[in-house]
Every structure is written in C-alpha cells, then in structure tokens.
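Trainee: Here it is, the structure, as structure tokens.
The values are calculated or read from the model by the stated rules, or taken from the named source; none is laboratory data. This one's a predicted model, so the numbers in the text were calculated from it and none came from an experiment. Quick reminder, even Gly has a Cβ in these numbers, built from the backbone with ideal geometry, and neighbours come from all protein chains shown. Please note that ligands, DNA and RNA were not included when accessible areas were found on the heavy atoms of the full protein model with its side chains. Shrake-Rupley method; radii C 1.70, N 1.55, O 1.52, S 1.80 Å.
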Amino acid sequence: MQTSESLLKRLKVDPEAAQLADFPFEFDTLVAAFGPLTHVEPVRLASGAPLDPIAKDHSGGTYFLCGEGDDEDRPVLFADSEGSAGLIGTNLRDALLLLIGLPCADEALHWEKEGRIMDEQALQALRDEDDAEYIEAAELEDLPGMRAELLDRLGLGPLPPLTELLERARAAAALDPEYVLVNEQGNTYRQD
C-alpha cells in the first residue's frame, strides 16, 4: 500500500507528476517551493487537532492533513477561499484518487441524496460530462491520458471502479462533521 508520505515525496521528487497534479487536477504542491503553504486566512480545527497544509488549488483553496497519527491515515480536508470546507478523503491516497479519478464525486453524492442511482454507468456519464466541460474550458487534448499518467507516476493506477471511488467519497462525508474548520474570529466554515 502506498503511504501518503511517499505520495507527497513522489510529488516533490517527480516534477512531471507535480505538474500534472497541479494542472489539470488542481493539487498544487509546487507552491510550497516559494515559501510556507498558508490558507487565505489563519484557520484551525475546532477540536484543536493538528491541521497541516499540503497543497493549494487554483482559486485560493487549501488541502490539509487533519488530526494526529501517521500521514497515510490522516483525513484530507479542503477549504476554499469563500468559507466552505469539507473532507475529500479519509486519507491522502483516497483524496488523490477522488481528485484524479472522480472529480465530480460531490455532484454524484448530491444526486444520490436526490434519489438517483449512481451505478458505474451513471458515474461514467457524469465524469464524461464533467471532463468534456473541463477539456473545452482548459483547451486540453488528452485529459484521460493525463489522468492515467498521473495515476501511474503516483503508483495509484489502475483506477478502481468509479462506484468504489464513490464509496470512498461517502466514507469521507461520514467523517465530515468531526472536522469543523474555524477562522481566527471563531467563525465556522460551511460544511458542504
């Protein structure tokens, strides 16, 4: 099993993997080379547990490892720059698999709550639609190839079935209420 420590190390020592993680998957670990990784404002977990920034996205959001223990077992929380936060993985491996393999997991969970059955075919269609929009907006030629290459470089390939990835997203969502993010003024980030 790949540990998150070695995943982060791979992103540090493999510039091509780091560049792919940053674009198109918006998990930017390269920004740490320019100074300490910080969020748009000072934040902490309401529980007082450790909160360690590990990457940024392109709109000012920050990815954090939460709680204590070995990095491979720590949940990953994403906080955007607009005051929302939520767990995206029960550990870094799951978070990266979701970011790379099923970036529309939140939308799929929403559709499930609305009563839709999100089987492999429905998830594939949702991801294909999401990918098509992103390919057009970012003018990409081969998003599936980029996905496969990053998974391979990180030792995460082949991608598990999308239904398995959705199960991992459900597991993170179930932990979400335990990881409340607050700012210096004591204001709680919205949990989506």
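Trainee: Apply the a/c threshold of 1.5 to the C-alpha gyration tensor of segment 123-188 and tell me whether it is rounded, prolate or oblate.
Mentor: Numbers: a/c = 2.14, a/b = 1.66, b/c = 1.29.
Verdict is prolate for segment 123-188.
Trainee: Can you pull the Kirkwood radius for the chain, inverse mean 1/r over Cα pairs, to one decimal in Å? The partial results should precede the final answer.
Mentor: Working: mean 1/r = 0.0589 Å⁻¹.
Result for the chain stands at 17.0 Å.
Trainee: So what is the calculated 222 nm ellipticity per residue for the chain, using -39500 (n - 2.57) for each DSSP H run with n of 4 or more, over all residues, to the nearest 500 deg cm²/dmol? Don't skip to the end; give the middle numbers.
Mentor: Details: 7 runs with 81 residues, N = 192.
Computed mean residue ellipticity for the chain: -13000 deg cm²/dmol.
Trainee: Which whole-Hz ³J(HN,Hα) couplings does segment 65-74 yield from phi under the Karplus relation 6.51 cos²θ - 1.76 cosθ + 1.60, θ = phi - 60°, glycine and proline marked x?
Mentor: 8, 10, x, 9, x, 5, 3, 5, 9, 7
Trainee: Here is a further query. Please identify every one of the trypsin sites (Lys or Arg not before Pro) in segment 44-140 that sits in a loop by DSSP and has no more than 13 other beta carbons within 10 Å of its own beta carbon. Intermediate values should be presented prior to the final figure.
Mentor: Working: sites: Arg44, Lys56, Arg93, Lys113, Arg116, Arg127; in loops: Arg116.
Counting only loop positions with at most 13 other Cβ atoms within 10 Å, the trypsin sites (Lys or Arg not before Pro) in segment 44-140 are Arg116.
Trainee: On to the next question. Compare the peptides 174-187, 10-23 by average per-residue count of other Cβ atoms within 10 angstrom and give them in order, highest first. Don't jump to the answer; show the numbers that get you there.
Mentor: Details: 174-187: 14.1, 10-23: 16.9.
Highest to lowest by the protection proxy: 10-23, 174-187.
Trainee: Given a 1.4 angstrom probe, what's the average accessible area per residue across the chain, in square angstrom? Working shown, then result.
Mentor: Numbers: 9920 Å² over 192 residues.
Ligands and nucleic acids excluded, the figure is 52 Å² per residue.
Trainee: Still on this structure, I have one more. For segment 5-58, what % of the accessible area comes from carbon and sulfur atoms, probe 1.4 Å?
Mentor: That fraction is 56 percent.
Trainee: Moving to a separate point now. Quick one: with all protein chains in place, what share of the accessible area of segment 61-118 is carbon or sulfur, to the nearest percent (1.4 Å probe)? Write out the running numbers ahead of the final one.
Mentor: On the way: 960 of 2290 Å².
In segment 61-118, the share of accessible area belonging to carbon and sulfur is 42 percent.
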